[in-house]
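Since the structure comes first, as structure tokens, the remarks are kept for the end.
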Amino acid sequence: MTKKIVSVSLFVFFAVVVAVLVAGFVLNDRQNYSGENANQPAANQGAVITLTVEEVSRHSNASDCWVIINNEVYDVTEAIAGHTGGSEAISAACGTEATEVFNTKGDKNKPHSMSAKEIMENYLLGGLNQKINQ
């Protein structure tokens, strides 16, 4: 009876180890194919740029819209179409320092909601003067 328990226990142990290893390989392959692997060499990630005021000013239209809010740079291009205040509200700020516009909702003199601030995190490129791979 004891031999049987030991045999079953060893079988289960090895089955779990194999399952974990297989899952690790599968997830690793999915990251590599989807571009989510942050450890890729810089040469594969594109050019290194610095998020300066000048760089942000180069992204000043609705099809390529970056803004600076509280010393952080955001690429809000994808947010323009779905903005609840209308696309013009964001488009007018493209390529600029937009902290005041964001904090006051433009001419409404009301702050954005916490959920709006959380949504903005999806568009964060980095801090002002930070180097990033593009």
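The values are calculated or read from the model by the stated rules, or taken from the named source; none is laboratory data. In this text the structure is predicted, and so the values were computed from the model without any measurement. Ideal geometry is used to build each Cβ from the backbone, glycine not excepted, and the neighbour counts take in all protein chains shown. These accessible areas exclude ligands, DNA and RNA; they are computed on the full protein's heavy atoms, side chains included. Shrake-Rupley method; radii C 1.70, N 1.55, O 1.52, S 1.80 Å.
Summary table below
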item: Cross-chain or 6+ apart pairs with Cβ under 8 Å, segment 95-123 first and closer than 14 Å to Val56 by Cβ, then part of a helix (DSSP H, G or I) and open to solvent by 70 Å² or more (accessible area, probe 1.4 Å); result: Glu97/Val53; Tyr123/Glu78
item: Residues satisfying the stated conditions in segment 72-94, i.e. of a type in the set (Gly, Ala, Ser), open to solvent by 60 Å² or more (accessible area, probe 1.4 Å) and over 21 Å from the mean Cα position of the chain (by Cα); result: Ala92
item: Residues that are modelled with pLDDT under 90 and closer than 16 Å to Asn61 by Cβ, drawn from segment 75-85; result: His83
item: Contacts under 6 angstrom Cβ, first residue in segment 57-68 being within 10 Å of Thr96 (Cβ to Cβ) and part of a strand (DSSP E or B), partner among the acidic types (Asp, Glu) and at pLDDT 95 or above, 6 or more apart; result: Trp66/Asp75; Ile68/Glu97
item: Matching residues, segment 81-96, being in contact with a helix residue (DSSP H, G or I) (Cβ under 6 Å, 6 or more places away or on another chain) and closer than 19 Å to Gly126 by Cα; result: Ala93, Gly95
item: Candidate set: segment 95-134, residues that are part of a strand (DSSP E or B) and either under 18 Å from Asp64 (Cβ atoms) or modelled with pLDDT under 90 (or both); chosen: the one least open to solvent (accessible area, probe 1.4 Å); result: Gly126
